[in-house]
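Reading through the structure tokens given below for one structure.
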Amino acid sequence: QVQLVESGGGLVQTGESLTLSCAASGNIFRINAMGWYRQAPGKQRELVATMTPGGTIDYADSVKGRFTISRDDAKNTVYLQMNSLKPEDTAVYYCWAVSALSPYWGRGTQLTVSS
């Protein structure tokens, strides 16, 4: 089992920056990948950014050049640095991890970007 706890969401204005954090605990030694998904009202959950332990990173086209995923292995934490935020980035952001081929999700943190 892996537990994921997100933090850092909030209300920001267009063009501002914000960093989300996701702390992992439990059976973290079998984690194959971690990352972030988001779900806007009325839309399906979509990939934002993912990272493997080997450092392979994938971003959604809509966030490339604006968002950066990183990790602190000592803290078992993954971050999502978000710059130049847009109203269309408004969503609930979920931390995600795969451990022993099983997916795990955090409870989500709300980001609202006002225009």
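Please enumerate the residues belonging to segment 1-31 that are surrounded by 13 or more Cβ atoms within 10 Å (Cβ to Cβ), assigned to a helix (DSSP H, G or I) and of a type in the set (A, V, I, L, M, F, W, C).
I28
Assess whether L47 counts as being hydrophobic (A, V, I, L, M, F, W, C), in contact with a Phe, Trp or Tyr (Cβ under 7 Å, 6 or more places away or on another chain) and over 14 Å from G108 (Cβ atoms).
Against the criterion (hydrophobic (A, V, I, L, M, F, W, C), in contact with a Phe, Trp or Tyr (Cβ under 7 Å, 6 or more places away or on another chain) and over 14 Å from G108 (Cβ atoms)), L47 qualifies.
Is one or more of the residues making up segment 41-51 outside any strand (DSSP E or B), at pLDDT 95 or above and hydrophobic (A, V, I, L, M, F, W, C)?
There is no residue in segment 41-51 that is outside any strand (DSSP E or B), at pLDDT 95 or above and hydrophobic (A, V, I, L, M, F, W, C).
Does segment 71-78 contain at least one residue that is farther than 19 Å from Q110 by Cβ, touching a helix residue (DSSP H, G or I) at 6+ places or on another chain (Cβ under 9 Å) and not small (G, A, S)?
Yes, the conditions are met somewhere in segment 71-78.
Hey, W105 hits all of (1) out of contact with any Gly (no Cβ under 8 Å at 6 or more places or on another chain); (2) without any contact (Cβ under 8 Å) to a residue 60 or more places away in the chain; (3) within 21 Å of A24 (Cα to Cα) but one; which does it fall short on?
(2)
Looking only at segment 79-115, filter to residues that are loosely packed, with under 13 Cβ neighbours inside 10 Å and of a type in the set (G, A, S); which one of those is nearest to P41 (Cα to Cα)?
Only one residue fits best here, namely S114.
Which one of the conditions (1) open to solvent by less than 60 Å² (accessible area, probe 1.4 Å); (2) in a loop (DSSP other than H, G, I, E, B) does Y37 fail to meet, given that it meets all the rest?
Result: Y37 passes all but (2).
Counting only residues that are over 13 Å from W96 (Cα atoms), of a type in the set (V, I, T) and over 10 Å from the mean Cα position of the chain (by Cα), which one in segment 44-78 is least open to solvent (accessible area, probe 1.4 Å)?
Result: V63.
The values are calculated or read from the model by the stated rules, or taken from the named source; none is laboratory data. Everything numeric here is computed off the predicted structure, so don't read it as measured data. Note that each Cβ is placed from the backbone with ideal geometry, even for glycine, and that neighbours are counted across all protein chains shown. Areas reflect the complete protein model, heavy atoms only, side chains present, ligands, DNA and RNA absent. Shrake-Rupley method; radii C 1.70, N 1.55, O 1.52, S 1.80 Å.
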